[in-house]
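*Asks:* Just passing along the structure, written as structure tokens.
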Amino acid sequence: MDFKTQAIGPAGLAGIAADALLILVAGTAAPEGLDAPLAEVLAAAVKDGDFAFKAGQTLYAHRAAGVKAQRLLFASLPEATPKGLRRAIGLALGYVKSGGARQLAVALAGGAAWTPALAEALVQAVAESVYLYSATKPSAPPPARLATVSLLCGKAEASALGAGLRRGEAIGAGTRLARELANRPANHCTPTYLAEQARKLGREQGLKVEVLERKDCEKLGMGAFLAVAQGSDEPLKFIVARWNGAAKTEAPLVLVGKGITFDTGGISIKPAAEMDEMKFDMGGAASVLGTLHAVAALKAKVNLIGLIPACENMPSGRAVKPGDVVTSLSGQTIEILNTDAEGRLILCDALSYAERFKPAAVVDIATLTGACVVALGHHRSGLFSADDALARALLEAGEAALDPAWRMPLDDEYDEALKSHYADMANVGPRAGGAITAAMFLKRFTAKLRWAHLDIAGTAWRSGAAKGATGRPVPLLVNFVLSHAR
Ligand code: BES
Ligand code: MN
Ligand code: ZN
């Protein structure tokens with residue numbers, strides 16, 4: 001899909017040639033200065049009780065008299081904020097995305113002005129609402145015909161708003177990639193497939209991609225990662241993808257994504273209900289690839305490295321058993337009391353591996369704990385960091401991207417829970433505070449790093465009727481990485 005700015009000609013909005021014209025009506029009263037044919041449609045609808053100037057209201061008119069666009073849409077936007085705009089676009093697109101319109105022109109009326117942030121939100125909202133999974137579903141409806149979206153604005157603002165559109169496009173494409181990867185079933189999206197997709201992304205976007213195999217991980221001593229992978233017949237992959245957008249001397253940012261392509265729980269096996277959703281347990285890995293895609297597409301002047309430990313967590317005759325003790329890459333030993341707490345085991349070795357890059361900061365992203373879903377539900381991701389400045393930067397990036405997170409504690413007191421009789425630490429504590437003890441476990445591997453952890457167990461996918469990957473937290477991560485670019 002193509003996004004661009006378009007100047008409003010002398011014929012005004014009524015004279016805009018487009019398959020569909022969407023007018024976002026800012027404010028809480030009839031907008032002033034609207035062309036007569038448009039104002040008349042709106043006034044009549046208000047009079048008939050079919051439209052009001054409050055959030056959630058939309059109106060559709062087909063071939064309205066005196067209006068050049070065949071399809072005329074209004075959406076109320078009492079407050080012209082990115083959040084309000086996202087909702088309004090989602091509702092308004094419901095009318096056109098499955099119809100015949102190929103071009104959509106979007107205007108802002110009612111005294112509010114476009115900003116780059118609104119332009120960015122527009123693109124993200126359109127990209128989000130036209131997405132449809134079809135990779136393994138031949139009977140899925142055909143993709144939306146919508147091909148061009150133009151933002152109607154004045155000449156003077158076009159260049160600044162164009163930059164907002166470009167950012168939105170990159171975030172939209174990165175989010176889409178993350179959704180595609182995470183939605184794919186686990187028999188398709190294996191560790192090998194993830195590695196292939198990373199290589200493909202590398203070719204297309206100019207990333208350096210390297211994939212470590214089991215032998216390489218053995219040589220390095222990644223005993224925790226290997227222990228999780230050993231129960232599966234699918235070969236493990238450790239993906240290293242690098243975007244070199246800045247000088248070599250510039251310390252990179254490192255993103256570590258949990259890449260469990262299916263989590264059965266292992267010998268500590270999960271109950272059957274909803275176990276299918278554990279194909280989404282590589283949502284962190286998907287978000288790392290999505291972020292790399294966006295950052296490379298924008299040619300951002302920043303060095304960014306994505307690390308993805310990828311494997312399945314399966315029960316088998318070779319699987320790791322409760323009580324087994326393994327030696328991590330850091331040299332610390334771990335008693336695996338619960339094989340279902342596998343995410344932290346693959347992440348801890350990846351975090352130790354990150355040290356070699358002398359990074360400016362490391363952020364891991366993982367569908368790590370059911371406890372985080374209990375704590376925060378599905379709106380905010382859990383954020384853990386001992387570094388206040390890093391935590392603030394991530395929280396702000398999330399707010400700005402409408403992809404919010406919430407900071408959780410990491411007090412030393414929580415570390416008690418990980419004591420083990422047989423190793424330096426256990427991989428689980430008691431039920432209480434499960435999201436925090438998981439983060440405390442990871443913290444033990446980050447003494448040499450400026451580190452933050454995002455638990456996206458509640459935000460990476462939706463369950464139920466609208467089941468599917470969200471692509472979160474790609475918007476947060478892209479904003480965060482771009483804030484480091486020069
Ligand atoms: N991938 C799961 C976390 C998860 C569970 C995310 C359900 C979303 C929904 C993770 O590997 C896991 O199994 N965690 C355990 C940890 C426990 C054994 C300490 C959990 O949360 O139950
Ligand atoms: Mn698990
Ligand atoms: Zn898991």
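*Asks:* Of all helices (runs of 4 or more DSSP H) completely enclosed by region 180-275, which ones contain at least 3 residues that are within 16 Å of ligand 1 (Cβ to nearest atom)?
*Replies:* Details: elements: 191-205, 214-220, 223-229.
In region 180-275, the matching helices (runs of 4 or more DSSP H) lie at 223-229.
*Asks:* Where residues in region 90-116 are within 15 Å of Ala26 (Cβ to Cβ) and free of Cβ contacts under 8 Å to residues at least 60 places away in the same chain, which of them is surrounded by the fewest Cβ atoms within 10 Å (Cβ to Cβ)?
*Replies:* As a first pass, look at region 90-116 and keep what is within 15 Å of Ala26 (Cβ to Cβ): 92, 106-115.
Now drop any that are not free of Cβ contacts under 8 Å to residues at least 60 places away in the same chain, which leaves 113-115.
Numbers: Ala113: 12, Trp114: 24, Thr115: 17.
In this case the residue turns out to be Ala113.
*Asks:* Please state which of the following conditions Cys217 fails to meet, knowing it meets all the rest: (1) closer than 27 Å to Ala423 by Cα; (2) more than 16 Å from ligand 3 (Cβ to nearest atom); (3) open to solvent by 20 Å² or more (accessible area, probe 1.4 Å).
*Replies:* (3)
*Asks:* Further question on the same structure: Restricted to region 303-316, and to residues that are crowded, with 22+ Cβ neighbours inside 10 Å and within 16 Å of ligand 3 (Cβ to nearest atom), which residue is nearest to Thr369 (Cα to Cα)? Break it down into steps so the answer makes sense when it comes.
*Replies:* Start the filter on region 303-316 by keeping residues that are crowded, with 22+ Cβ neighbours inside 10 Å, which leaves 303-314.
Next, from what is left, pick out any that are within 16 Å of ligand 3 (Cβ to nearest atom): 308-314.
Values: Ile308: 18, Pro309: 17, Ala310: 18, Cys311: 18, Glu312: 17, Asn313: 15, Met314: 18 Å.
Within region 303-316, the match that is nearest to Thr369 (Cα to Cα) is Asn313.
*Asks:* So, one more: Specify which of the listed residues (Leu152, Leu165) is in contact (Cβ under 8 Å) with a residue 24 or more places away in the chain, part of a helix (DSSP H, G or I), farther than 30 Å from Gly331 by Cα and not aromatic (Phe, Trp, Tyr). First the steps, then the outcome.
*Replies:* On the way: Leu152 fails: part of a helix (DSSP H, G or I).
None of the others qualify; the one that does is Leu165.
*Asks:* Which condition from (1) open to solvent by less than 30 Å² (accessible area, probe 1.4 Å); (2) of a type in the set (Val, Ile, Thr); (3) within 16 Å of ligand 1 (Cβ to nearest atom) is the one that Val373 breaks?
*Replies:* If we test Val373 against (1) open to solvent by less than 30 Å² (accessible area, probe 1.4 Å); (2) of a type in the set (Val, Ile, Thr); (3) within 16 Å of ligand 1 (Cβ to nearest atom), just (1) comes out false.
*Asks:* Restricting the search to region 331-345, which residues are in contact with a Leu (Cβ under 8 Å, 6 or more places away or on another chain) and more than 16 Å from ligand 1 (Cβ to nearest atom)?
*Replies:* Start the filter on region 331-345 by keeping residues that are in contact with a Leu (Cβ under 8 Å, 6 or more places away or on another chain), which leaves 334, 336, 343-344.
Hits for region 331-345: nothing passes.
*Asks:* Here is a follow-up. For region 382-486, please list each of the helices (runs of 4 or more DSSP H) lying entirely inside it that holds at least 1 residues being open to solvent by 30 Å² or more (accessible area, probe 1.4 Å) and over 30 Å from Arg184 (Cα atoms).
*Replies:* Values: elements: 388-400, 434-443, 474-482.
Ranges flagged: 388-400, 434-443.
*Asks:* Next question. Look through region 426-447, keep the residues that are more than 16 Å from ligand 3 (Cβ to nearest atom) and touching a Phe, Trp or Tyr at 6+ places or on another chain (Cβ under 7 Å), and return whichever of them is nearest to Ser352 (Cα to Cα).
*Replies:* Of region 426-447, the ones more than 16 Å from ligand 3 (Cβ to nearest atom) are 426, 429-433, 436, 440, 443-447.
Next, only the ones that are touching a Phe, Trp or Tyr at 6+ places or on another chain (Cβ under 7 Å) stay: 433, 436, 440.
Values: Gly433: 25, Ile436: 20, Met440: 15 Å.
Per the stated criteria, the residue is Met440.
*Asks:* While we're looking at this one, here's another question. Would you point out the residue of region 253-295, among those that are within 10 Å of ligand 3 (Cβ to nearest atom) and β-branched (Val, Ile, Thr), that is surrounded by the most Cβ atoms within 10 Å (Cβ to Cβ)?
*Replies:* This residue is Ile260.
*Asks:* Residue pairs, Cβ under 7 Å, 6 or more apart or interchain, first in region 386-403 and farther than 17 Å from Lys448 by Cα, second polar (S, T, N, Q) and assigned to a helix (DSSP H, G or I). List them.
*Replies:* Filtered contacts from region 386-403: Ala397/Asn479; Ala400/Asn479; Ala401/Asn479.
*Asks:* Residue under question is Ala241, and the condition is that it be out of contact with any strand residue (DSSP E or B) (no Cβ under 7 Å at 6 or more places or on another chain) and open to solvent by less than 10 Å² (accessible area, probe 1.4 Å); does it hold?
*Replies:* Details: out of contact with any strand residue (DSSP E or B) (no Cβ under 7 Å at 6 or more places or on another chain): no; open to solvent by less than 10 Å² (accessible area, probe 1.4 Å): yes.
Taking the combined requirement at face value, the residue does not satisfy it.
*Asks:* Here is a further query. Checking Ser352 against (1) surrounded by fewer than 24 Cβ atoms within 10 Å (Cβ to Cβ); (2) within 16 Å of ligand 2 (Cβ to nearest atom); (3) assigned to a helix (DSSP H, G or I): exactly one of these is not met. Which one?
*Replies:* Just one mismatch for Ser352, condition (2).
This table checks each residue for (1) closer than 13 Å to Leu226 by Cβ; (2) away from ligand 3 (no atom under 16 Å from the Cβ); (3) at pLDDT 95 or above.
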| residue | (1), (2), (3) |
| --- | --- |
| Lys301 | no, yes, yes |
| Arg318 | yes, yes, yes |
| Gln332 | no, yes, yes |
| Arg344 | no, no, yes |
| Val363 | no, yes, yes |
| Val373 | no, no, yes |
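The values are calculated or read from the model by the stated rules, or taken from the named source; none is laboratory data. Note that the coordinates shown come from a computational prediction; the quantities given were computed from them, not determined experimentally. Ideal geometry is used to build each Cβ from the backbone, glycine not excepted, and the neighbour counts take in all protein chains shown. These accessible areas exclude ligands, DNA and RNA; they are computed on the full protein's heavy atoms, side chains included. Shrake-Rupley method; radii C 1.70, N 1.55, O 1.52, S 1.80 Å.
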